[in-house]
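First comes the structure, then the notes that go with it.
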Amino acid sequence: MTNILITGGSGFLGSHLVNYLSKNKKNNIIALDNNFRGITKNLKKRKNVKFKRIDIRKKDKIKNIMKNVDVVIHLAFINGTNYFYEKPELVIDVGLKGTLNLIELSNNSNIKKFIFASSSEVYQKPYKIPTDEKEMCKIPNVKNPRYSYGASKLIGEIATLHMLKKGIKKIIFRPHNLYGTKMGFNHIIPEIISKIYKSSKKFKKNTAIIKMQGSGDETRSFCYIDDAIKQIEKILNKGKNNEIYNVGTMEEVKIYNVINIIGRSLNIKLHIKKTKIKEGSTSRRCPNMKKTFKLGYKSKFRLRKGIEIVSNWYKHHLYLQEKK
């Protein structure tokens, strides 16, 4: 049996990963979260899954849990762009204290493998598109609170590679714009769906007015959660020690087109208004996936297919909320 500790285990990525890895009965999963954004009911009830509501900043609360753990998958961070600008002190506090606690406890235990979830934010405005793992990491402006997240992730990477003791296998992955069901409303795709829903007044008029930050020519490559989970599984099982892997897709798309794809999937006619983009936002982002794909898994969900699934789920979810 392999005992796996997943921090941030009831969050969007965490809950999907817990549910997927727990299908294998040889895995015992401990999901750790303080439910700041996570939701326990997202976890499937299985005998080999235990949920513990704990803040990773409370080292004494984690200490006993770590004694019999073989693998740590550290996902717990404060994500969501609004938090970067509005609560940078919380983003940094959770990011730094939590990571350093886990590293210290891992060094004093029998942990065999430590997987750190970083972010595409460490690249900021990359010099090369598609962006491979050798791209320079940077913090363009320390005065901009947006970089509270990217900087915390970058320090986490350095701490993972240089503070964990020899004998612990260390692997880092950098997710790029993951999306899927049950991810809340603090990410671009569900945020757009929610705005369209509210503007169209419960979809009765089949038309909506939506504000878009920037020109719409800004690009991202969105990765459906099922693809991301299977890439992470490959990294967990086949990733090499001291290596970094992108997680995502190479399907780069303009934000304007993303909004229109969502509108068509909901059968809503859109009127899009442009607004000023926030300082520090990146104009293009698309990972080079060659290194990760060599481990044996390529993305299977095209953007249109993924958005259709997610739009229908959120449409139903928002309708049920209105009914309450």
> Quick one: which of 91-101, 260-270 comes out on top by average Cβ neighbours within 10 Å, and what's the full order, highest first?
Replying inline: 91-101, 260-270
> Round to a whole number: what % of the accessible area of the chain belongs to carbon and sulfur, probe 1.4 Å?
Replying inline: 50
>> Could you work out the relative contact order of the chain? I mean the mean sequence separation of Cα pairs under 8 Å and 6+ apart, divided by the number of residues, in percent.
In response: 17
> How about the range 256-324: which GluC sites (Glu not before Pro) there are in a DSSP loop, with at most 14 other Cβ atoms within 10 Å of their Cβ?
Replying inline: Glu279
>> My understanding is that a pair violates if its Cα-Cα distance is over 29 Å; which of Lys45/Lys211; Lys97/Lys134; Lys45/Lys113 do that in this structure?
In response: Lys45/Lys211
>> Going by Cα centres, the range 84-111 and the range 33-80 are how many Å apart?
In response: 13
>> For the range 224-324, what does the accessible surface come to per residue with a 1.4 Å probe? Please give it in Å².
In response: 56
>> If you count only protein heavy atoms with a 1.4 Å probe, what accessible area per residue comes out for the range 27-178, rounded to a whole Å²?
In response: 49
>> Out of the chymotrypsin sites (Phe, Trp or Tyr not before Pro) in the range 61-140, which ones are loop residues according to DSSP with at most 15 other C-beta atoms within 10 Å?
In response: Tyr127
> Cross-link list Lys195/Lys298; Lys170/Lys294; Lys41/Lys67; Lys67/Lys170; Lys26/Lys234; Lys41/Lys300: which exceed 22 angstrom alpha carbon to alpha carbon?
Replying inline: Lys195/Lys298; Lys41/Lys67; Lys41/Lys300
> Toward the positive end of the charge dipole of the chain, about the Cα centre and with charges on Cβ (Lys, Arg +1; Asp, Glu -1), which of Ile189, Met212, Val122 goes farthest?
Replying inline: Ile189
> Using a simple charge model, +1 on the beta-carbon of Lys and Arg, -1 on the beta-carbon of Asp and Glu, nothing else, what dipole does the chain show about its Cα centre, in debye to the nearest 20?
Replying inline: 980
> Separation of the range 1-16 and the range 134-206 by C-alpha centroid, Å?
Replying inline: 17
> For the range 150-307, what is the charge dipole size about the Cα centre, in debye to the nearest 20, if Lys and Arg each add +1 at the Cβ and Asp and Glu each add -1 at the Cβ?
Replying inline: 360
> By per-residue mean of other Cβ atoms within 10 Å, what is the highest-first order of 158-167, 222-231, 49-58?
Replying inline: 222-231, 49-58, 158-167
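The values are calculated or read from the model by the stated rules, or taken from the named source; none is laboratory data. Quick caveat: nothing in here was measured; it's all calculated off a predicted structure. We place every Cβ from the backbone using ideal geometry, glycine too, and count neighbours over all the protein chains shown. Protein only, heavy atoms only, side chains kept; ligands, DNA and RNA dropped before computing areas. Shrake-Rupley method; radii C 1.70, N 1.55, O 1.52, S 1.80 Å.
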